[in-house]
Amino acid sequence: MEKGFTYFDTAYMYHAFQSEEFLREALVKRHPRNSFTVADKMPTMFLKKQEDLERIFQEQLVKCGVEYFDYYMLHNLGVSHYAIAQKFDAFAFIQQKKQQGLVREIGFSYHDNAHLLDEILTAHPEVDFVQLQINYLDWEDPGIQSRKCYETARRHGKKVIVMEPVKGGTLAKLPEQAQALLSSWAPNQSAASWAVRFAAGHEGVMAVLSGMSNLEQLTDNTSYMEEFIPLNDQEQYILRQAVDILRAAIAIPCTACGYCVDGCPKKIPIPQYFALYNAEKQALNKGFSTQQVYYGNYTQTMGKASDCIGCRQCERQCPQHLAITGFLKDVAALFEA
């Protein structure tokens, strides 16, 4: 806070449902209310009846110890949670709270594809911002569609809050060759600094959420963000080279050309599943998995990896001659176990 960072993010279920209380004790009780902003989220996944919206919202105000939220989101909208939000008129609820002065700005966090994001923003232009997973490794990823989602949000004129800028720690500890590449340009800059600066440098980004585990990480983050300088063209080029190194180490060498998908009798989004599998295998954080979230969203409307019937039509179409049916079994074992 002394360095000017005043945006604090929490949610109903974080830290075994105690995160909001931690925020109250560590932040709200110790600092003037006008010296910080609080972002909280309505847990769409826990809504069972209409009354739950008001009950949970009032509980959150008490647990956080605040009279209003600066930013309030519908949590983790994807195809299934969006359906819940529609069923209980959750968008109307948060808009009402804004009108009552209990919320300053409304939005939603999002883990799904760009097409659905466009659909949601078209149906709900009243939101002020969107929270998206953005980092340089996911930027062109066919499963997460980071760039496409960002461009969709900006096309609708929405501000963007970035989550997963360091991809659960994956981009803070790089393979030796990739780390050497970054260090050759900026020997005193951490790997995490490249990732956070990439995310923060896009137009319309109002905040980058970086989870920090110790004082050393906090000191590092604030050191290069206190007077933020976007990546220059040369640094962007170096990052693209780092991505190539990271991709070369992936488990399934899929180029996401999409030829395998045409005519699949089970409508399995093969490149997207392979991208999520690769990302999960590279992830350092083996706890909460955003890849698992994306996989679950895809299976709501598309075939699961385990739905493969082994017809091998996909393999006959693959320019890389990948053993796709075998890899799909690996995907199913990882995400459907």
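The values are calculated or read from the model by the stated rules, or taken from the named source; none is laboratory data. Quick caveat, the model's predicted, so the values are computed rather than measured. With ideal geometry, Cβ positions are generated from the backbone for all residues, glycine too; neighbour counts draw on all protein chains shown. Remember, those area values only see protein heavy atoms, side chains included, never the ligands or the DNA or RNA. Shrake-Rupley method; radii C 1.70, N 1.55, O 1.52, S 1.80 Å.
Worth pointing out:
- Solitary cysteines of the chain, where the nearest other Cys Cβ is not under 4.7 Å: CYS64, CYS149, CYS254, CYS257, CYS264, CYS308, CYS311, CYS318
- In this simple spin-label approximation, TRP185 and TYR237 carry label points 7 Å from Cα along the Cα→Cβ vector, and these lie 0.9 nm apart.
- At q = 0.20 Å⁻¹, base-10 log of I(q)/I(0) for the stretch 220-337 (Debye sum, equal scatterers on each alpha carbon): -1.09
- Approximating the spin labels as points 7 Å out from Cα along Cα→Cβ, the ASN34-to-SER306 distance works out to 5.7 nm.
- Between LYS167, LYS159, LYS63, the GNM of the chain built on Cα springs shorter than 10 angstrom shows LYS63 fluctuating the most.
- Each residue of the stretch 256-262 is assigned a 3J(HN,Hα), and the resulting list reads 6, 6, x, 4, 5, 7, 4 Hz, derived from the Karplus form 6.51 cos²θ - 1.76 cosθ + 1.60 (θ = phi - 60°), x at Gly and Pro.
- Look at the alpha carbon pairs under 8 Å that are at least 6 residues apart: their mean separation over the length of the chain gives a relative contact order of 12 percent.
- The accessible area of PHE5, taken with all protein chains in place and a 1.4 Å probe, comes to roughly 80 Å².
- Accessible area, probe 1.4 Å, largest first, for residues GLU336, GLU20: GLU336, GLU20
- Ellipticity estimate at 222 nm from DSSP helix runs (n ≥ 4, -39,500 (n - 2.57)) divided over the chain, nearest 500: -13000 deg cm²/dmol
- The dipole here belongs to the chain: it is taken about the Cα centre, uses +1 on the Cβ of Lys and Arg and -1 on the Cβ of Asp and Glu, and is about 560 debye.
- Only the Cβ atoms of Lys and Arg (+1) and of Asp and Glu (-1) were treated as charged; on that basis the dipole of the stretch 1-146 about its Cα centre amounts to roughly 580 debye.
- Per-selection Kirkwood Rh - the chain (Cα, Å, 1 d.p.): 21.3 Å
- Once backbone amide H atoms are built at 1.01 Å from N, ASP138 has no partners under 5 Å, excluding neighbours fewer than 5 places away on the same chain.
- Cross-link table LYS3/LYS63; LYS48/LYS148; LYS63/LYS159, entries beyond 30 Å C-alpha to C-alpha: LYS48/LYS148
- A simple spin-label model places pseudo-atoms 7 Å from Cα toward Cβ; at GLN96 and THR122 they are separated by 2.8 nm.
- Rounded accessible area per residue of the chain, 1.4 Å, Å²: 48 Å²
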